[in-house]
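The block underneath contains the structure these notes are about, expressed in structure tokens.
We did not get these values from a lab; they are worked out from the coordinates using the rules stated. A quick note: this is a predicted structure, and the numbers were derived from the prediction, not measured. All Cβ positions, even for glycine, are placed from backbone atoms using ideal geometry, and neighbour counts span all protein chains on display.
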Amino acid sequence: MKESPSSAAHSSRAPRLTVGRDRCGRWVVSDRLGLCGGWFVDRATAVHYAMFESAGEPQAVMMAPDVVETELTLDAGAPRRPAAA
């Protein structure tokens, strides 16, 4: 199914990076495209990273009002769980 021009424009304007805290209270940056992200020692460092990754576009970064869930892997192509024997 093709995206309509208005929905494609909306998705490109939607925030790409979310800054917030995970369930353990750690500061997290989560990328909706899965290209980058991580855990940070404080809010300022997380925001600085998000702004760098978004090329300084403030509309690309959103502060999360709730808990941020993220899953980071070293290799995006790696299997998540070993196959059952």
Summed side-chain charge close to R23 - residues other than R23 whose Cβ falls under 11 Å, Lys, Arg +1, Asp, Glu -1: -1
What is the sum of charges around M51, taking Lys and Arg as +1, Asp and Glu as -1, for the other residues whose C-beta is under 14 Å from the C-beta of M51? -1
Counted charge near A60, where neighbours are those whose Cβ lies closer than 11 Å (Asp, Glu -1; Lys, Arg +1): 0
